[in-house]
Amino acid sequence: MLVAKAIRHVEYLHQEIQSLFNQPAQPEKLSSFLNNFSQQFEMIGISGALLNIHQLEKMFSHKMGAFPDLKIEVSQISIIMQTADFVLLRYQETHHKSGHSHHRIATACIEFHVEQCIWRYLHETTIGESS
């Protein structure tokens, strides 16, 4: 049951990311979005840089509305490991923008807090580009 919820949450959160990038700045929407992340959140992005929750917030606040034609697809979600407290999963993410597609594999650790999914860790790796 919690695994299914985590999978739905991955899909939901990427819809929210797309919306943040598509629409003009909405600070209240960003604040609500960031409630999905642990204060100890860490992310290794496609550039290889390690980001914490404060750097993630800064990145999103600077890029809100910057990509109005961006479409994000999530596919191939698979569970690597699960416990009563967290799930470790992998998925493919495809960003479609300006006639190009960028593909990446992501591995995420999502914690369960009283029925709420909280992102604790994310590692993204670029796997290709297509036109």
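The values are calculated or read from the model by the stated rules, or taken from the named source; none is laboratory data. All values derive from a computational prediction rather than experimental measurement. Quick reminder, even Gly has a Cβ in these numbers, built from the backbone with ideal geometry, and neighbours come from all protein chains shown. Side chains are part of the model used for accessible areas, which takes the heavy atoms of the whole protein and leaves out ligands, DNA and RNA. Shrake-Rupley method; radii C 1.70, N 1.55, O 1.52, S 1.80 Å.
Heavy-atom accessible surface of the chain, averaged per residue, reaches 56 Å², computed with a 1.4 Å probe.
Model label points for GLN18 and LEU2, set 7 angstrom from Cα along the Cα-to-Cβ axis, are 2.9 nm apart. By the equivalent-ellipsoid construction on the alpha carbon gyration tensor, the range 42-125 comes out with semi-axes of 24, 17, 12 Å, ordered largest to smallest. Surface composition of the chain: carbon and sulfur make up 54 percent of the accessible area, probe 1.4 Å.
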